[in-house]
Amino acid sequence: MYIKMTEGEDEKMSHRWQKDADGILIFTGLFSAALAALLTVSVQDLKSNPQDTTVFYLANIYQLLADPNMSRASILATPVQPPDFSPPKS
């Protein structure tokens, strides 16, 4: 008698757990699909800011003009390149 009652309860519980697991899997699948779609769209828009490059070169020009003791040979010997673009981490 006790075994029959527990088997029925066990079946009900396992059926509820299966439905819960199905719901969780459906939610995570839809969430990951939506997140992937948003990331695909936003990653394409990541570009370097042209103002950053302008500021970099203007700062270098200012340093060259601010130091009158710097020789022309040392100015031409050091090539100046703006830093490589990397997207913000936030």
Tell me the angle of helix 50-66 to the major Cα principal axis of the chain, expressed in degrees between 0 and 90 and rounded to the nearest ten.
30
Using the Kirkwood formula on the Cα atoms of the chain, what hydrodynamic radius do you get, in angstrom to one decimal?
19.9
Heavy-atom accessible area ranking, 1.4 Å probe, most first, across 5, 70
5, 70
For residue 4, go through the lysines and keep the ones whose alpha-carbon is under 17 Å away, minus same-chain ones fewer than eight residues off.
12
In degrees, nearest 10, the alpha-carbon axis of helix 2-44 is tilted away from the dominant principal axis of the alpha carbons of the chain by 20
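Ignoring everything except DSSP H segments at least 4 long, calculate the 222 nm mean residue ellipticity for the chain; use -39,500 (n - 2.57) per segment, divide by total residues, nearest 500.
Details: 3 runs with 66 residues, N = 90.
Helix-only estimate at 222 nm: -25500 deg cm²/dmol.
The values are calculated or read from the model by the stated rules, or taken from the named source; none is laboratory data. This one's a predicted model, so the numbers in the text were calculated from it and none came from an experiment. Just the protein is used for accessible areas: all its heavy atoms, side chains included, with ligands, DNA and RNA removed. Shrake-Rupley method; radii C 1.70, N 1.55, O 1.52, S 1.80 Å.
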